[in-house]
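Contents: one structure, followed by commentary.
The numbers here are math on the coordinates, done by the rules we state, and not lab data. All values derive from a computational prediction rather than experimental measurement. Every residue, glycine among them, receives a Cβ derived from its backbone with ideal geometry; neighbour counts consider all protein chains shown.
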Amino acid sequence: MPKASSSNLTAERVNRERLLRRIEELAKFGATGDGGVTRLAYSEDDIRARSAVADWLAEAGVQSRVDAAGNLIARVAGRGGSRRTLATGSHLDTVVQGGRFDGAYGVMASLEAVIRIAESGTPLWHDVSLVVFSNEEGANGTPGMVGSHIVSGVPVDVDQLDHTGVPLWRRLADVGGDASALDEAVWAHDSVAAFVEMHIEQGPVLEDEAADIGVVTSITGRSNLVVEITGQQQHAGTTPMTNRCDALVVAARLIGEVDALAQKGAVRVATTGRITCSPNVWNVVPGSVHLTVDLRDEDRSRITAATAHIRRLAGDLSATTGAAVDVRQGPEVPPVAMDAELADCISDAAGQLSLPSLRMPSGAGHDAQLVARTAPTAMIFVPSIGGVSHAPQENSHDHHLTQGADVLLRALRLIDERLKR
Ligand code: GLV
Ligand code: MN
Ligand code: MN
């Protein structure tokens, strides 16, 4: 049985050149020409990116499979004959006009760590698994975190339609999933000893604090509201201002109040990210508006209070303008704490590599917050240049990307030792 030599492991690093090259190669799938990527879940580009990962695994002699939830999974046997696996991974899909690193970096760092372990001749005691979750972003019109909801045993409506009118069950089939067998994708109790998701920070904190590694303490809660405003479509030239029920004007007031709610500190952040106006013609008073509100906070009760405030506001706007303002609850994910023991292992790994690290909450949502319901979970961040993310300008320095993957690799070994049983 191969035995880990501590001096070998102290020197253990990922293949820096391979990691950076593969991040670039992956960015070609869905490249937008301005340095960004649009790779919607289950699109042709997503399918190509997933195949590339499967090919890279196969090249290293590691077989992969797709589970019923459309997650791509590969498992490397450990030396302990454990039923349990350590898992690491993230997602490959992006938002519209997103960047090259959100999700993709985590998958590439995890791939590199798993391949390194497979190549090293010093396997972990546990098995180690790479997981590429399906549809984290929900940018194709369906709620996100599809794959991580399902592995965690949280039901997902597979009949919901994406923005092109195709049901999720068909999209899952497109990537090799099977909506009729979702139970098979649920991770059995205690089958995953730990899950570690690697990610770019997507905010400015690490850069501001001159830290190379973020050790995530908690992941924000988030709640989406769907607002439908129905006014009266009319002629823009003949309808006096006193006779109007302009849905877009009502929407503008609501949007201002949503922003003010967070500006006043009632909730950490509040965003109206999506709006459609009908008929959206220059000489027509808008008849209807559809918009979404994204509320995020570490404290669920503050999200609940903010939601109640927006509902009251909708009622007031309706009473004063005559428009119908309907507020529906959309997808909701509660805040979650990361596992403290795993976080310690990550801090230790960063310390062993002489990299300054910082404990910090995540303001973005991640598959890890669903997985935390079923397995001890942790996240590692690397700095994002200028804190920019969900934009084509999203970027991170090469040395941060490679150091982060080294920390992941080392953290997996430390966690493996810590959780042996
Ligand atoms: C995930 O990308 C999020 O919206 O936080
Ligand atoms: Mn994202
Ligand atoms: Mn992400």
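How many nm separate the modelled label positions at Thr238 and Val154, each set 7 Å beyond the Cα in the direction of the Cβ?
That separation, rounded to one decimal, is 5.2 nm.
If r is the Cβ-Cβ distance from Arg373 to Leu20 and R0 is 22 Å, what FRET efficiency results, to the nearest 0.05? Working shown, then result.
On the way: r = 34 Å, r/R0 = 1.54.
Once the sixth-power term is evaluated, E becomes 0.05.
I need the phi-derived Karplus couplings for segment 241-247: 6.51 cos²θ - 1.76 cosθ + 1.60, θ = phi - 60°, integer Hz, Gly and Pro marked x.
Result, ordered by residue: 4, 6, 9, 9, 10, 8, 5 Hz.
Normalised by the number of residues in segment 18-90, what is the relative contact order in percent for Cα pairs under 8 Å and 6+ residues apart?
On the way: 46 pairs, mean separation 11.0, N = 73.
Here the relative contact order equals 15 percent.
Considering only the chain, what is the antiparallel percent among its DSSP beta bridges, to the nearest 5? Present the calculation step by step, with values, prior to reporting the outcome.
Numbers: 44 of 66 bridges.
Bridges in the chain are about 65 percent antiparallel.
Output needed: percent of Cα pairs per 10 Å distance bin for the chain, bins running from 0 to the one holding the longest distance.
5, 21, 30, 24, 12, 6, 2, 1, 0
Bin width 10 Å, alpha-carbon pairs only: give the P(r) of segment 221-333 as whole percents, running from 0 to the bin holding the largest distance.
Histogramming segment 221-333 at 10 Å steps yields 15, 45, 27, 11, 2 percent.
Please report the net charge: other residues with Cβ closer than 11 Å to the Cβ of His149, K and R +1, D and E -1.
Working: positive: Arg373; negative: Glu136, Asp157, Asp367.
Taking every other residue near His149 into account, the sum is -2.
Using Cα pairs closer than 8 Å and at least 6 residues apart in sequence, work out the relative contact order for segment 221-333, in percent. Spell out each step's value before the answer.
Numbers: 224 pairs, mean separation 49.4, N = 113.
It rounds to 44 percent for segment 221-333.
Just in segment 202-281: which GluC sites (Glu not before Pro) are loop by DSSP and have at most 16 other Cβ atoms within 10 Å?
Working: sites: Glu207, Glu209, Glu228, Glu257; in loops: Glu209.
Qualifying residues, ordered by number: Glu209.
Run the numbers on the chain and let me know its relative contact order in percent, using alpha-carbon pairs under 8 Å that are six or more apart.
Values: 974 pairs, mean separation 93.1, N = 421.
Normalised by residue count, the contact order of the chain is 22 percent.
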